[in-house]
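Okay, structure first, notes after.
None of the figures in this text is laboratory data; all of them are computed from the coordinates on show. Worth saying up front: this structure is predicted, and the values here are computed from it rather than measured. Neighbour counts run over all protein chains shown; Cβ positions are idealised from the backbone, glycine included.
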Amino acid sequence: MKKYAIITLLALLLPLCACNEQKNEQKNNPDMETTAKNDFMTLAAGRYSVRHFASKPVEQEKIDLILEAGKLAPTAVNSQPQMIYVLRSEDAMAKANQVSPCMYGAPQAFLFCYDDNRVCRRGPNDNYGDIDVTIVLTHMMLEAYNLGLGTCPVGAFNADEACRLFELPENIHPILMMPFGYPAPAAKPSESHTKYRKMDEMVEYK
Ligand SMILES: Cc1cc2nc3c(=O)[nH]c(=O)nc-3n(C[C@H](O)[C@H](O)[C@H](O)COP(=O)(O)O)c2cc1C
């Protein structure tokens, strides 16, 4: 009986010790933290606006992960006003190409909107809808790149025409579109991709 009690106690304590060891290892090894930060920087620097897509459709599991990344995005007062349309039928993509010249041959695209019934107000005539939706898009854009896919955020589209063609309810406001998919072999970053303003022009410490 006593033997069983000792074995049970050891079984309970061992994982705790292993967990603490791991935490101490992380605390004592600054390189571990650096690695994590660099992974994000690699992702952020490697992503570029893809303007030439292959015809291969994106698998449902990848679309699910991209949408999940969007779900995790912060929104004002956690209002989560985003409404995301996944355009991938022939009919939907024909309409997408009608409302924007920037689908770049992608076999699918997202249409990002906010729901006026859910959005957090910002004074009498404004709300956080476009900001919320842009953060959602950013999460999804980076997860798509993380999965080996290309994206291009698109502001150049006719929102009224999108409302009409996609028969959106009155409370749904289109903000951005984003073709996504496998980059075609010819896809490459534009020249402006690596043109950055100097840090001291855009940042000021007060
Ligand atoms: C809000 C927003 C709207 C954009 N609209 C368009 C667009 O309509 N068409 C397009 O080809 N690219 C569009 N872009 C992509 C930018 O041109 C691109 O991000 C920028 O030139 C930097 O290049 P990079 O994304 O390759 O780093 C948009 C980007 C943002 C953030």
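Measuring between their Cα centroids, the range 125-196 and the range 62-112 lie 7 Å from each other.
Residues Lys198, Lys71 in ascending order of nearby Cβ atoms (within 10 Å, fewest first): Lys198, Lys71. Positive contributions from Lys and Arg (+1) and negative ones from Asp and Glu (-1), summed over other residues with Cβ under 15 Å from the Cβ of Cys120, come out at -2.
May I ask for the equivalent-ellipsoid semi-axes of the range 60-186, computed as the square root of five times each C-alpha gyration tensor eigenvalue and listed largest first in whole Å?
24, 18, 11
Between the listed residues Leu142, Ala96, Ala162, the Cα displaced farthest toward the positive end of the dipole of the range 60-186, a dipole computed from Cβ unit charges relative to the Cα centre, is found at Leu142. Approximating the spin labels as points 7 Å out from Cα along Cα→Cβ, the Arg197-to-Leu65 distance works out to 3.5 nm.
This model, with +1 at the C-beta of Lys and Arg and -1 at the C-beta of Asp and Glu, gives the range 60-186 a dipole about its Cα centre of some 180 debye. Local charge for Gly150 was computed over the other residues whose Cβ lies under 9 Å away, with Lys and Arg +1 and Asp and Glu -1, and equals +2.
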